[in-house]
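First the structure, in the form of structure tokens, and then the observations on it.
The values are calculated or read from the model by the stated rules, or taken from the named source; none is laboratory data. Everything quoted here is computed from the prediction, not taken from an experiment. Ideal geometry is used to build each Cβ from the backbone, glycine not excepted, and the neighbour counts take in all protein chains shown. Quick note on the areas: whole protein, heavy atoms, side chains included, nothing else; ligands and nucleic acids left out. Shrake-Rupley method; radii C 1.70, N 1.55, O 1.52, S 1.80 Å.
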Amino acid sequence: MLIEVKDLHAEVEGNEILNGISLTVNPGEVHAIMGPNGSGKSTLAKVIAGHPAFEVTSGEVNYNINGKMQNIADLEPHERSTQGIFLGFQYPVEIAGVSNIAFLRESYNAICAKQGVAEMDEQEFKNYLRPKLELLEMSDSFLDRAVNAGFSGGEKKKNEILQMTVLNPRLSLLDETDSGLDIDALKIVAKGVNALKSKYNATVLVTHYQRLLDYITPDFVHVLYQGKIIKSGGKELAHQLEEKGYDWLTKN
Amino acid sequence: MKKLNEIIKNYKTTILSSFKEDALVSVESNGIPYSKQENWKYTNLKKFISEDFNFLKKPKSFSSSTDETLFKDHHQIVFEDGHLNPNKTKLPAGCSLKEQSIESQESNISKNFPQDKLDFFEGISRLVNNNLYSIEVDKKAIIDNSPIIIHHTYSPQSEGSWVQPIINIECGAFSQSTFVEIYHGKENQIPSFTNASTSFVINENAIVEHVKVQIEDTQSIHISKVRAKVLRDATFHSFTLSLGSLVARQNILVDIDGENSNSHIHGFFGARGNQHHDIFSHINHHVGHNESHQLVKGILDDEARGVFTGKIMIHRDAQLVDSTQLNKNILLGPKSHMDTRPQLEVYADDVKCAHGATIGQIDPEEIFYLQSRGIKLHEAQKMLCHAFAFDTLEKIKSETVRESLAELLYEKFEKYALEHFGEGKE
Ligand SMILES: Nc1ncnc2c1ncn2[C@@H]1O[C@H](COP(=O)(O)OP(=O)(O)OP(=O)(O)O)[C@@H](O)[C@H]1O
Ligand SMILES: [Mg+2]
């Protein structure tokens, strides 16, 4: 087991947003989470990553650390990251004054420090980045620009995947990484995600569209509605949703 | 050096030229600026200076010495207690310096800056100074090794001495130059006043960068005026870095008198302890078809106070002006406070203006973004605070100057303010 979410309730400013979520993800699996706007998909991803704005009121998130399932409620966001949890943001923030490469290296070195591996100097790190940039068809110029500043919507999403390939996480939570991508960019992003896939790591894709799932095949599809998973199934469920929408699930 | 009140007393019993007489009248009629005066609303100097010009407030003491080796590879123009030291001064080729009687320059001053009102500080300066310094950059001169104007406040003999240099710089047509001007005091534990004035006339097609660094010791009061008259096709880059003094009031007055000119009036202030930093900027577009851009940021720690006033006046005939202004501030200290006043006055009808101001904390979403990439909370806070400040330094054109300022920013401010983050401060 890689992660186990058990009857998770979370609220923000007194409003309950997650309303008893249970979800188990094993290494090697791909899960897709779908659901109408405002149903709590991003909230779930952020709670797992440790966003301080959300308060977990009951339930737990257990995560595999060194072969043991541990409740991560007390782990700081940066510790969750160094333990291999990665959140690809639906809306990546722009950070003026910090260059993308400095940010990537800082973050990579944080993981190195945690794992007791030697940090990389600037040149080594550039060499390490090169194939990843090529894979994502990103030019070097993105490295010297401030993090996400002035990036187009699609470029921001590619930059998230670049960070993912640099950090090589065990659990990737990709929140609408496909939204705003043109079809070529979508294929490139899928290539990036697939390149990282192994039997040791898992991916959770939050998406509104079946088309991403044509490129990254999910093992499970879940429907989140009003802070609860109301249906789970295989990849055919995504096709059904594409065809019929959510009404048939929510109106009973 | 005598105390100001004694000097004024002296002037009152001697016969003065009409120039000095006007100055005396303005000193006496205006008095020490305080919060009832609109331009001084948030900086009440009467809290800091008594009627007989004694210091009322003591700094919550901290001091840091200045690295004298900084900028040592540059040509230096050295002022000591407001007076030029010719022995230590070396000018680059294409640049000359003259000491002139202030009264001989009266007509020049009023011709170049007709709007300038004689206020309290200008009055004192004119009253007390017999001479001023004129620097001329030759037409078409391109000055690579930017001269550094260093103001040392060495040894005020008594508390309350005034240091009041006046420097007028005329940049010839098609010339290119960078002037770095540093005000730094010695840790002499004797409070002093600085009342400085630096003016630029930037002729056609000239490009000039003025980088003003205020790192006086935290005992002192620093009042300064930077003025510029920007003529046709000229470019003015102004940057103010304010880190020192107990009270610093820096006036930046730009008169845009030329079409196709560009004015960039940027700055950063970092204050801690009970420091009070006030940046007062007034950009006047007298003619159209030109641009002005302003980015001023501040970080306030402990119980420090900051003030920004950004007036932009676009006169009636100044069509097709493109003007932007942004003031952003971060409050780190629980008792720190910021007042910001963007003031836009537009009398022309075809102009592009954008302005805004923010006061707040470091954006928690940015902090979380960095944390989610393995970066510890206090490292993330430090990175973001540094980035916030560094973003302004990037406006400085000269790379070597920018790097030296980054070093100063660290030594004088970040080293202290950002270290708090490690101590569990929010
Ligand atoms: N910080 C917050 N303060 C108040 N309400 C919030 C906050 N964050 C999320 N919410 C609310 O929680 C609900 C779930 O939001 P969430 O972003 O998780 O939805 P989502 O399923 O990701 O939607 P979308 O498909 O539009 O991205 C929404 O009603 C949202 O307004
Ligand atoms: Mg969402």
**Message:** Between B:M383, B:M338, B:M313, where does the largest GNM mean-square fluctuation fall for chain B, given springs only between Cα atoms within less than 10 Å?
**Reply:** B:M383
**Complete:** When B and A pair up, the total accessible heavy-atom area removed from solvent (1.4 Å probe), in Å² to nearest 100, is 1900 Å²
**Item:** Calculated from backbone phi, Karplus (6.51, -1.76, 1.60) coupling profile of segment A:9-20 in Hz, x at Gly/Pro
**Value:** 10, 9, 9, 10, 6, x, 9, 6, 10, 9, 10, x
**Item:** Between segment B:366-426 and segment A:7-66, the alpha-carbon center distance in angstrom
**Value:** 33 Å
**Message:** For a quick check: with amide H placed at 1.01 Å from N, whose amide H comes under 5 Å from B:H237's, ignoring anything fewer than 5 positions away on the same chain?
**Reply:** B:V208, B:E209, B:H210, B:H264
**Prompt:** What length, rounded to one decimal in nm, is gained on full extension from B:E204 through to B:K58, with 0.36 nm per residue of separation minus their alpha-carbon distance?
**Reply:** 47.9 nm
**Prompt:** Considering only DSSP beta bridges whose two residues both sit in segment A:3-250, what percent are antiparallel, to the nearest 5?
**Reply:** 60 percent
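When only DSSP loop residues count, what trypsin sites (Lys or Arg not before Pro) in segment B:115-157 have their Cβ near at most 13 other Cβ atoms within 10 Å? Write down the numbers at each step before the final one.
Details: sites: B:K117, B:R126, B:K139, B:K140; in loops: B:K117, B:K139, B:K140.
Listed in order of number, the matching sites are B:K117, B:K140.
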**Asked** If you roll a 1.4 Å probe over segment B:364-426 with all protein chains in place, what percent of the accessible area is carbon or sulfur?
**Response** 48 percent
**Prompt:** What residues have an amide H closer than 5 Å to that of B:Q343, excluding those fewer than 5 places away on the same chain, when H is modeled at 1.01 Å from N in the peptide plane?
**Reply:** B:G310, B:K311, B:I312
**Message:** Counting heavy atoms of the protein chains only and a 1.4 Å probe, report the per residue accessible area for chain A as a whole number of Å².
**Reply:** 44 Å²
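What chymotrypsin sites (Phe, Trp or Tyr not before Pro) in segment B:23-63 are in a loop by DSSP, with at most 13 other Cβ atoms within 10 Å of the Cβ?
Of the chymotrypsin sites (Phe, Trp or Tyr not before Pro), the ones in loops of segment B:23-63 whose Cβ has at most 13 other Cβ atoms within 10 Å are B:F62.
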**Prompt:** Taking only Cα atoms, what is the 0 to 90° angle, nearest 10, from helix A:100-115's long axis to the longest principal axis of chain A?
**Reply:** 80 degrees
**Request:** Give me the accessible area of B:K57, 1.4 Å probe, in Å² rounded to the nearest 10.
**Result:** 90 Å²
**Message:** Using 18 Å as the Cα-Cα cut-off, could you pick out the over-long pairs in A:K6/A:K41; A:K156/B:K297; A:K6/A:K231; A:K46/A:K199?
**Reply:** A:K156/B:K297; A:K46/A:K199
**Request:** May I ask you to give the percent of accessible area on segment A:3-250 that is carbon plus sulfur, with a probe radius of 1.4 Å?
**Result:** 46 percent
**Request:** May I ask you to find the residues of segment A:81-112 that are shielded by at least 50 Å² of accessible area once the whole protein assembly is considered instead of their isolated chain (probe 1.4 Å)?
**Result:** A:F89, A:V93, A:I95, A:G97, A:F103, A:E106
**Message:** Strictly over 29 Å apart at the Cα level, which of A:K68/A:K251; B:K311/B:K395; B:K47/B:K88 would you flag in this model?
**Reply:** A:K68/A:K251; B:K47/B:K88
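Write down, largest first, the equivalent ellipsoid semi-axes of chain B in whole Å, where each equals the square root of 5 times an eigenvalue of the alpha-carbon gyration tensor.
32, 27, 22
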**Prompt:** Looking only at other chains, what is the average number of their beta-carbon atoms within 10 angstrom of each beta-carbon in B:372-385?
**Reply:** 6
**Request:** Name the residues of segment A:48-67, by number, that are at least 40 Å² less accessible with every protein chain in place than in the isolated chain; the surface is that of heavy atoms, probe 1.4 Å, without ligands or nucleic acids.
**Result:** A:H51
**Asked** Counting only protein heavy atoms, what percent of the accessible surface of segment B:239-312 is carbon or sulfur at a 1.4 Å probe?
**Response** 38 percent
**Fill in**
Expressed per residue, the solvent accessible area of chain B in Å² (1.4 Å probe) is about 39 Å²
**Message:** Springs between alpha-carbon pairs under 10 angstrom, Gaussian network model over chain A: which of A:K41, A:K156, A:K132 fluctuates most?
**Reply:** A:K132
**Request:** Could you pull out every residue, at least 5 positions away or on a different chain, whose amide H is within less than 5 Å of the one on A:A202? Hs are placed 1.01 Å off N in the peptide plane, and Pro or chain starts have none.
**Result:** A:G28, A:L171, A:S172
**Fill in**
Once both label points are put 7 Å beyond Cα along the C-beta direction, the B:K415-A:K187 separation in nm becomes 5.6 nm
**Message:** Per residue of segment A:214-222, what does 6.51 cos²θ - 1.76 cosθ + 1.60 with θ = phi - 60° give for ³J(HN,Hα)? Whole Hz please, x for Gly and Pro, Karplus curve as stated.
**Reply:** 5, 9, 10, 7, x, 7, 9, 10, 10
**Request:** Give me the distance in nm between label points sitting 7 Å out from Cα along the Cα-to-Cβ direction at A:S141 and B:T14, one decimal.
**Result:** 6.5 nm
**the protein assembly as shown: radius of gyration and largest Cα-Cα distance (Dmax), Å** = 30.2, 100
